[in-house]
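None of the figures in this text is laboratory data; all of them are computed from the coordinates on show. Just so it is clear, the model here is predicted, and its values are computed rather than measured. Here the Cβ is made from the backbone with ideal geometry for all residues, glycine too, and neighbour counts use every protein chain on show.
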Amino acid sequence: MLTLYCATTNAGKLREFLHAAEELAPDFFRIEPLPGLKQIPAPDETGDTFEANAVLKAVYYSQYTPELMFAEDSGLEVDALNGAPGVHSARFSGPDATDEKNNRLMLDRMRGVAQRTARYVCTIALVQKGQVLGTFRGTVEGEMIDEERGSNGFGYDPMFYCPAFHCTFGEATTEQKLEVSHRGEATRKMLRFLKDRATADPAQQS
């Protein structure tokens, strides 16, 4: 079984990683948070793209383990805002940002705007001993509505309408979100890469 360490202890993100692994190859991968992660100072996320931040974090945390290490960066891109909030999704409303403040600012910025298309994006960087083995991107397309609906999820979910479910991510069930998750898509791409790599070289499975 191949062990991968991830740079998060977020229960929701871990659930998505594990769901992807169980879906693709339940007896092939084991995904766990990096041991001692909570005691390791987090790096400054200075990248201007999701890929740059994911690579930055994965390389940084890989110094704490010789095993495979991955990190992700994710957020919301709104076309009418030229891709904002993008890498600043979590702090869209400033250094003291909260989901409530971010959503309020999003409602203000999108008031009266006709173009509502948007997407959630996740990029995962896979690293071992400081060497980047690959980056993997997942997206889910939707549109921003002009009100908040639903209390499930987090972040911009109550305003992110998913056409596949005819409701917002805030109204969707966890199972529905896992079906189309941008994080799940990126994780599956990474795991397929690793499975192909291990098939070509069985020594990579340990």
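Counting only Cα, what are the radius of gyration and maximum Cα-Cα distance Dmax of region 102-185, in Å?
14.9, 49
Using r as the Cβ-Cβ distance of Asp99 and Gln63, and R0 as 35 Å, what FRET efficiency do you calculate, to the nearest 0.05? Write out the running numbers ahead of the final one.
Values: r = 32 Å, r/R0 = 0.91.
It comes out at approximately 0.65.
Treat every Asp and Glu Cβ in the chain as -1 and every Lys and Arg Cβ as +1, leave all other atoms uncharged, and give the resulting dipole magnitude about the Cα centre to the nearest 20 debye.
360 debye
Given a 10 angstrom Cα cut-off, can you work out which residue in Gln63, Gln128, Gln39 is the most mobile in a GNM of the chain?
For the chain, modelled as a Gaussian network with Cα springs under 10 Å, the answer is Gln39.
Where both residues lie in the chain, what percent of DSSP beta bridges are antiparallel, nearest 5? Could you put the intermediate results ahead of the total?
On the way: 27 of 35 bridges.
Antiparallel bridges make up about 75 percent of those DSSP assigns within the chain.
Could you tell me what fraction of 2.2 N^0.38 Å the Cα radius of gyration of the chain comes to, as a two-decimal ratio?
Working: Rg = 17.5 Å, N = 206, 2.2 N^0.38 = 16.7 Å.
In units of the globular-protein estimate, the chain measures up at 1.05.
Report the label-to-label distance for Glu147 and Thr3 in nanometres (one decimal), using points 7 Å from each Cα along the Cα→Cβ vector.
5.1 nm
So what is the 222 nm mean residue ellipticity for the chain from helices alone, if each DSSP H run of at least 4 adds -39500 (n - 2.57) and you divide by all residues, rounding to the nearest 500 deg cm²/dmol?
On the way: 5 runs with 65 residues, N = 206.
That calculation yields -10000 deg cm²/dmol at 222 nm.
With an 8 Å cut-off on Cα pairs and a minimum separation of 6 or more residues, tell me the relative contact order of the chain in percent. Kindly include the intermediate steps, with their values, before the conclusion.
Values: 405 pairs, mean separation 41.5, N = 206.
Worked out over the chain, it gives 20 percent.
Using only Cα atoms, locate the centre of region 64-114 and the centre of region 141-206, then give the distance between them in Å, rounded to an integer.
After rounding, the separation between the Cα centres reads 16 Å.
Below 22 Å, Cα to Cα, which lysines can Lys195 reach? Residues fewer than 8 away in the same chain don't count.
Correct list for Lys195: Lys13, Lys129.
Just Asn53, Asn152, Asn82 to compare: in a GNM of the chain, with alpha carbon springs under 10 Å, which one fluctuates most?
In the Gaussian network model the winner is Asn82.
Using a Gaussian network for the chain with springs between C-alpha atoms less than 10 Å apart, which of these wobbles most: Ser181, Ser151, Ser62?
Ser151
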